[in-house]
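The values are calculated or read from the model by the stated rules, or taken from the named source; none is laboratory data. Remember, it's a predicted structure, so these values are computed and weren't measured experimentally. Note that each Cβ is placed from the backbone with ideal geometry, even for glycine, and that neighbours are counted across all protein chains shown.
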Amino acid sequence: MTEGLDPGGTRSVSLSEPELEAWGRAVGGSVVAGGSLPLVLALRGPLGAGKSVLARAVARGAGVEGPMPSPTYNLLFSYGGDGGVRVHHLDLYRLDDPDDVWELGWSELGEGEQVVLIEWPERAESLLPRDRWDVYLDFVDDEGSESASSESASSESASSESTGRRRLRLARRGGAPDLPSFPRAGDGPMTRRGDQ
């Protein structure tokens, strides 16, 4: 896939883990500094594809300090960031019923000065905020193509270790705020369709 926005409003790039982390920090920092809040990122992909890595990097960029354990068993951790921003990191993998999200304060998420990072969003797909970025992460094999998401986690892990790269694809939904460019030369910022 070519770099930049395609006609469907998506964008795709292959990144190393340090590049993924750098971009995540840039996202967190830019939305806080630019007042582009709330920001909701629905992080999608197979086990081990980098969803937690990206979530932590975005939170660090938004000013979160200290330990950031995985919310796998708690479902939700909230943190204070720069300028009074609240960062909410959710992992819905263990969700039994989509309606269980209401017990997590779901109705208040994605409003005001918040960054909301949702791993395994498909567990509550019909309840996701309209204004969001869908972030698809996958493994890249030795030839540079995406691995099939249906492969086993162990073969995906082996594939990613050989290249150390992840395929990152973004799709804007509704009126999600602009995001910074990927950390590659020549990329411009990701803006609303029609703004470029």
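Looking at 31, 87, just one residue is under 26 Å from residue 138 (Cβ atoms) and at pLDDT 90 or above, and that residue is 87. Whenever a residue of segment 6-21 is surrounded by 13 or more Cβ atoms within 10 Å (Cβ to Cβ) and assigned to a strand (DSSP E or B), its partners that are at pLDDT below 70 and among the aromatic types (Phe, Trp, Tyr), lying with C-beta atoms within less than 8 angstrom and at least six residues away or across chains, give the pairs 11/182; 13/182; 15/182.
Go over the candidates 112, 186, 144 one by one and state the one that is surrounded by fewer than 16 Cβ atoms within 10 Å (Cβ to Cβ), outside any helix (DSSP H, G or I) and at pLDDT 85 or above.
Just one listed residue meets the conditions, 112.
Name the residues in segment 18-38 that are in contact with a strand residue (DSSP E or B) (Cβ under 7 Å, 6 or more places away or on another chain) and either farther than 16 Å from residue 181 by Cα or among the polar types (S, T, N, Q) (or both), would you? I'd like the intermediate steps shown before the answer.
Narrowing segment 18-38 to residues in contact with a strand residue (DSSP E or B) (Cβ under 7 Å, 6 or more places away or on another chain): 20, 23, 27-28, 31, 37-38.
Scanning segment 18-38 gives 37, 38.
For segment 60-79, the criterion of a residue being buried (at least 21 other Cβ atoms within 10 Å of the Cβ), at pLDDT 90 or above and not in a loop (DSSP other than H, G, I, E, B) is satisfied by at least one position.
If a residue has to be under 17 Å from the mean Cα position of the chain (by Cα), of a type outside the set (A, V, I, L, M) and either over 17 Å from residue 43 (Cα atoms) or buried (at least 18 other Cβ atoms within 10 Å of the Cβ) (or both) to count, how many in segment 82-109 make the cut? Break it down stepwise before answering.
First, pick out the residues of segment 82-109 that are under 17 Å from the mean Cα position of the chain (by Cα): 86-93, 109.
Subset that is of a type outside the set (A, V, I, L, M): 86, 88-89, 91, 93.
Subset that is either over 17 Å from residue 43 (Cα atoms) or buried (at least 18 other Cβ atoms within 10 Å of the Cβ) (or both): 86, 88-89, 91.
Total satisfying the criteria: 4.
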